[in-house]
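**Q** Here's a structure for you.
The values are calculated or read from the model by the stated rules, or taken from the named source; none is laboratory data. The structure presented is a predicted model; accordingly, all values stated were derived computationally and were not measured. As a convention, Cβ positions derive from the backbone with ideal geometry for all residues, glycine included, and neighbour counts pool all protein chains shown. We work out accessible area using only protein heavy atoms, side chains counted, and drop any ligands, DNA or RNA first. Shrake-Rupley method; radii C 1.70, N 1.55, O 1.52, S 1.80 Å.
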Amino acid sequence: MTGLTLPPIEDIDIDDLASLPRGYRYELHEGNLVIMTPSTYWHKDMARRLMFMLHAAGANVFQDSGILSGRPRDCRLPDVGVVAELPAETADYSNLPGSAFSLVIEVVSENSVNGEYTDKADWYAKRGIPEYWIVERTADRVHNDATVLMHRLDGQGAYLLERTVLLSVLEAEHQ
C-alpha cells in the first residue's frame with residue numbers, strides 16, 4: 001500500500017487543494033485539512049442515481065462540487081450539487097460560492113458520519129443554499145434504495161425538514 005505524502009500544510013488555502021496528491025477527496029474546515037474516507041459502492045450508487053435523476057430533469061448537476069465559504073481557508077465538497085447558473089469559462093473553476101447553488105446533497109456513509117446532520121447543514125445554510133438533502137440508509141438497510149431527507153432553508157437561515165421520501169419513489173416521480 002502506498003502512503004500519502006503531503007506538502008507542508010501550514011496556511012493551506014483553497015488554491016492549494018488542487019496540488020495535493022490525486023486519488024483522495026479533500027475539504028478545508030476553517031483552515032484544517034480534512035481527508036475524506038473512500039466511500040462505499042452503496043454511497044457511490046446513490047449519488048450516481050441522484051445525479052442521473054436531476055440531470056434528466058434539466059438541472060446543472062455535478063458530483064464533488066466544491067463550495068467556497070468566502071474565506072480562503074474554508075470550503076466543502078458535497079456529494080452532489082446543483083448549480084443554478086454556471087459562470088462563464090467553467091474550465092477555470094474548481095470551487096464556486098454558495099450563492100451559485102440551488103441544492104446540495106450529502107450521502108451519509110454509515111462508518112463515517114461527517115456532520116451531515118449538524119455542521120454541514122449549518123455551513124450550507126450560512127451560504128444561503130436554498131435546499132439541502134441528506135441521503136441515508138433505509139431502516140431495513142436495503143442495498144438498492146435510500147431515504148432522502150429534503151430540507152428547505154427558512155427565513156431565519158436554518159434548514160427545516162420538508163419531506164422524507166425513498167429515493168426509488170423520488171426517481172419514479174421524476175420519470
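**Q** Just to confirm the filter: which trypsin sites (Lys or Arg not before Pro) across the stretch 66-158 are DSSP coil and have at most 11 other Cβ within 10 angstrom of their Cβ?
**A** ARG141
**Q** Let me ask something else. Restricting to Cα pairs below 8 Å that are 6+ residues apart, what does the relative contact order work out to for the stretch 58-166? Please round to a whole percent.
**A** 19 percent
**Q** Provide the packing ranking of 154-165, 58-69, i.e. peptides ordered by the mean count of other C-beta atoms within 10 Å per residue, highest first.
**A** Top to bottom by mean Cβ count within 10 Å: 58-69, 154-165.
**Q** At 1.4 Å probe size, with the rest of the protein present, what percent of the exposed accessible area of the stretch 78-175 is carbon and sulfur atoms?
**A** Its accessible area is 49 percent carbon and sulfur atoms.
**Q** Right, something else. Keeping every protein chain in place, order ASP122, ASP45 by accessible area at 1.4 Å, biggest value first, i.e. largest first.
**A** The ranking, largest first, comes out as ASP122, ASP45.
**Q** For the stretch 105-175, what percent of Cα pairs sit more than 17 Å apart?
**A** Value for the stretch 105-175 (Cα pairs over 17 Å): 45 percent.
**Q** For LEU96, what residues show an amide H to amide H distance below 5 Å, using hydrogens built from the backbone and excluding near sequence neighbours?
**A** GLY66, ILE67, LEU68
**Q** Heavy-atom accessible area per residue, the stretch 40-170, 1.4 Å probe: how many Å²?
**A** That works out to 51 Å² per residue.
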